[in-house]
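Okay, so here's the structure we're looking at.
The values are calculated or read from the model by the stated rules, or taken from the named source; none is laboratory data. No experiment lies behind these values; they were computed from the predicted model shown. Note that each Cβ is placed from the backbone with ideal geometry, even for glycine, and that neighbours are counted across all protein chains shown. Surface areas here come from the heavy atoms of the whole protein model, side chains and all, with no ligands, DNA or RNA. Shrake-Rupley method; radii C 1.70, N 1.55, O 1.52, S 1.80 Å.
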Amino acid sequence: MLKSLRHSLALGLCALAVTAHAETELTVYTAVEAEDLQKYAQRFNEDHPDIKINWVRDSTGVVTARLLAEKDNPHADVIWGLAGTSLLLLKGEGMLQPYAPKGLDKLSPKFRDKDATPSWVGMDAWMAAICVNTIESDKLGLPMPASWQDLTKPVYRDHVVMPNPNSSGTGFLDVSAWLQMMGENAGWQYMDDLHQNIARYTHSGSKPCKMAAAGETPIGVSFAFRGARLKQKGAPLEVVFPKEGLGWEVEATAIVKGTKKMDAAKTLVDWSISHKAMEMYNEGYAIVGMPGVAQPVEYFPANADELIIDNDFGWAASHRDAILAEWQRRYDGKSEAAE
């Protein structure tokens, strides 16, 4: 009887342990496109059904601002899919938990924090592009742009939409890339000239391309992934890769310091740089963190690695606040109202 009771008690304790483990929930902050979140969670749960992901999703600038506001009382356990420059900023504030995930040695050096025990690891990279609605452009007699400089020509007056860098990571990668490619003085002069042709600045990096696909604007400065996906769905788009070079960003993952769910957080970060995860990222991104995994993506240039600029992420992160303040002072009058 006593033996049976002990056996039943042991089984009960095991069941409780399994139940407790099955109920592990992670609050994950992200700027990954909303339509991909279910896929990311589903693929992760195929390997780890005992960890539930509760997503908190918004544009890069909004997520970054929220994390900074919560610095002394963090709500997130993990950040899965946020710009590398944002994570460098958070690292500087002491908000990230250094962790060397399994498979770290398989990542490209460009896709990890430089410390021996990195505070963040990269997933994929997204790069700038111009989405041009061929039907609307033909109606208006607009030439097909081939360069960033082309967009400053008077023929494009009020026909260009681009993201606000204060809320959009895509907007910030554009602005920081122009300043790096052209030099700061020439870069701000370029943006002054471009501003004359801007119809409005959006708070989402994908929205300008979506607007172009829908015929709401002939030209949207956005990112290549969004343009390629909309074109695959039949939108009358030409995805243009400006000849001067393309700004780009690492999309990265990190553990938020102070999480009480460290084991589950480490499991997610391990998986985020796995071969399976890299194949998943490659469904939308031509450049992923693990060399040798990426297959060509339709409507992406085959030489994407050659088109992206030598991006100084450290410079972009350390100058981020000053860049955003100056941009807002000069151009915010054309920004759409916050949603």
Item to check | Surface/4 estimate of mean projected area, convex hull on alpha-carbon atoms of segment 95-148, nm² | outcome: 6.8 nm²
Checklist outcome for this item: Sorted largest first, the C-alpha extents of segment 123-227 along its principal axes in whole angstrom are 36, 33, 21
Checklist entry - When the dipole is taken about the Cα centre of the chain, and only Lys, Arg (+1) and Asp, Glu (-1) are charged at their Cβ, what size is it in debye, to the nearest 20? => result 800 debye
Item to check | Which of V221, V256, V288, positive extreme of dipole for segment 213-338 (C-beta unit charges) | outcome: V256
Checklist entry - How big is D for the chain, in µm² s⁻¹ as a whole number, if Stokes-Einstein is applied with the Kirkwood radius of its Cα pairs at 4 °C and 1.567 mPa s? => result 62 µm²/s
Next on the checklist: Explain nothing, just the number: relative contact order of the chain, from Cα pairs under 8 Å at least 6 residues apart, as a whole percent.
Outcome noted: 24 percent
Item to check | Over the chain: helical MRE at 222 nm, DSSP H runs n ≥ 4 each giving -39500 (n - 2.57), nearest 500 | outcome: -12500 deg cm²/dmol
Item to check | F223, F241, ranked by accessible area, largest first (probe 1.4 Å) | outcome: F241, F223
Next on the checklist: Tell me the carbon and sulfur percent of the accessible area for the chain, rounded to whole percent, probe radius 1.4 Å.
Outcome noted: 52 percent
Checklist entry - So for the chain, taking the charge dipole from beta-carbon charges (+1 Lys/Arg, -1 Asp/Glu), which of A186, Y40, S147 sits furthest toward the positive end? => result Y40
Next on the checklist: Only four residue types carry charge here, +1 at the Cβ of Lys and Arg and -1 at the Cβ of Asp and Glu. Report the dipole size of segment 124-215 about the Cα centre in Debye, rounded to the nearest 20.
Outcome noted: 260 debye
Checklist entry - Hull surface divided by four, with the convex hull built on the Cα atoms of segment 118-175: how many nm²? => result 5.7 nm²
Item to check | Entries in K71/K261; K139/K207; K52/K276; K114/K266; K114/K231; K39/K243 that, when Cα-Cα distance is taken, lie over 29 Å | outcome: K114/K231; K39/K243
Next on the checklist: Using a probe radius of 1.4 Å on heavy atoms only, what accessible surface per residue do you get for the chain? Whole Å² is fine.
Outcome noted: 44 Å²
Item to check | Sequence ranges 61-74, 225-238, ranked by mean other-Cβ count within 10 angstrom, highest first | outcome: 225-238, 61-74
Item to check | Cα-centre dipole for segment 114-272 with unit charges at Cβ (Lys and Arg positive, Asp and Glu negative), debye to 20 | outcome: 540 debye
Checklist entry - Counting only the heavy atoms of the protein chains, how much of S167 is accessible to a 1.4 Å probe, in Å² to the nearest 10? => result 10 Å²
Checklist entry - How big is the gap, in Å, between the Cα center of segment 201-266 and the Cα center of segment 153-191? => result 16 Å
